[in-house]
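The values are calculated or read from the model by the stated rules, or taken from the named source; none is laboratory data. Owing to the predicted nature of the structure, the values given are computational and were not obtained by experimental measurement. Reconstructed Cβ throughout: ideal geometry from the backbone, glycine too, with neighbour counts over all protein chains shown. Only protein heavy atoms, including side chains, enter the accessible area calculation; ligands, DNA and RNA are left aside. Shrake-Rupley method; radii C 1.70, N 1.55, O 1.52, S 1.80 Å.
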Amino acid sequence: MRKSLLIFLLVFSSPAFAQENSRNSLQFDISAFLDVYYGYDFVDQMGVENRLPFLYNHTNQNRMGINLALVTLGVKTDYLRANLGIQQGTYARDNYANEPELFQWIHQANVGVALDKNRKFWIDAGVLPSHIGFENAVSTENLTLSRSIIAENSPYFETGVQLSWQKDERWYFAFLYLNGWQRIRAIPGRNRPSFGTQATYTPNENIKLNWSTFIGTDQPLEAETMLYFTNFYGDFKLGEGWRLIAGLDGGRRTLAFDFDRNWWGMSAILQRQFSEKIASALRFDYYNDPFQAIATSLIDQGIQTSGISLNGDWKLGKIATFRLEGRWLTGPVLGIDSGNSDNYFLLGSFALSFN
């Protein structure tokens, strides 16, 4: 870990560059991101080292950590694009737990080719950012410091082939052929492919509506289980510095020798941008997965929880951001074996972003 952090800091301290060759429009872009955090839990989780089992970001409990140290290289021409992101941190540890150690370094690794002269149709292949939801692994790109429960229990990345069509300024469509639910390595043994779709409607600069789906599996063929999942969200800029994002997830796991298991959740975030450097956001979460269809639990009763959070953001110069968030989650079931139906924690982050 110390060696990987040293490598990251050496790269991070180097100047970023963007260079373009006018003859073939070749562009190189390097970006770097570092998110250092400390989380304090007011509820003792009975010796469990990490935060709630259904959360996968900023999970160290009562100790400092690096959630994400990321360096990304992008290359593109008029008709070709490629991205390689190298990462370390507790985000990689928790979200890539089922991957070989080498694959845990890969944030993204993909190549894309334009299929028409107007560059409206693209085909991309490799490790791709997830087509689901409005939050991602880079904390400063999200309205809140911690992630919504619906984001934590849906893919952050996926591996496969994506065919996309930017019809016009308003409509975007994508179809994906994937090797599973948040996976790099193929599911061991015999398996079947998974599929995803995305449709985005942006009628103007203040409104964005998105619908994404997933049909596939996260287990070998012998398990005889399938996942059916849909996500919808709306992003609204309300004027006077206000912004609202609301998302809704729903899914079903089918089982050959047991009853089908459903889950659903929602999140609504209201942000107020007071100035270029100061912002705050209030979030409401609800998540219901009573039979552990997708979310991880330490008990047999699944997860049924709701909660609120409030965060403040302060930009320090051009590359640094300090964020502080208080979050409360309540039962009836939080999915931890501690007898508590409430969880309170404070989370602080200092992030550096260089593009």
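Given axes a ≥ b ≥ c from the Cα gyration tensor, I'd like to know whether segment 127-196 is rounded (a/c under 1.5), prolate (a/b larger than b/c) or oblate. Oblate, since a/c reaches 1.5 and b/c is not below a/b.
Any idea how far apart residue 170 and residue 73 come out in nm if each label point goes 7 Å out from Cα toward Cβ? It is 4.2 nm. Stokes-Einstein diffusion for the chain, with the hydrodynamic radius set to the Kirkwood value over Cα pairs and evaluated at 37 °C in a medium of 0.692 mPa s, equals 153 µm²/s. Just the protein heavy atoms count here, and of the accessible area of segment 109-207 at 1.4 Å, carbon and sulfur take up 57 percent. Extension gain, residue 186 to residue 27, is 54.0 nm, computed as 0.36 nm per intervening residue step minus the present C-alpha separation.
Considering the zone a paramagnetic label at residue 255 would reach in this model (a point 7 Å from Cα along the Cα-to-Cβ line), which residues of segment 278-317 have amide N under 11 Å from it? Backbone N within reach: 291-294.
Among the GluC sites (Glu not before Pro) in segment 148-199, those located in a DSSP loop and surrounded by at most 12 other Cβ atoms within 10 Å of their own Cβ are 169. Solvent exposure of the chain, expressed per residue, is 49 Å² of accessible area, with all protein chains present and a 1.4 angstrom probe.
Take 114-121, 347-354 and order them by the average number of nearby Cβ atoms within 10 Å per residue, most first; the result is 347-354, 114-121. Based on the Kirkwood approach, the hydrodynamic radius assigned to segment 237-355 is 16.6 Å, with every pair of different Cα atoms included. Distance from the C-alpha centroid of segment 108-131 to that of segment 276-330: 31 Å, rounded to the whole angstrom. With contacts taken as Cα pairs under 8 Å and at least 6 residues apart, the chain reaches a relative contact order of 14 percent.
Packing-based ranking of 312-324, 125-137 yields 125-137, 312-324, ordered from highest to lowest mean Cβ neighbour count within 10 Å. Using the Stokes-Einstein relation with a Kirkwood hydrodynamic radius computed over Cα pairs, the translational diffusion coefficient of segment 34-102 at 4 °C and a viscosity of 1.567 mPa s comes to 92 µm²/s.
Summarising the label geometry, the points placed 7 Å from Cα in the beta-carbon direction at residue 120 and residue 298 lie 5.3 nm from one another.
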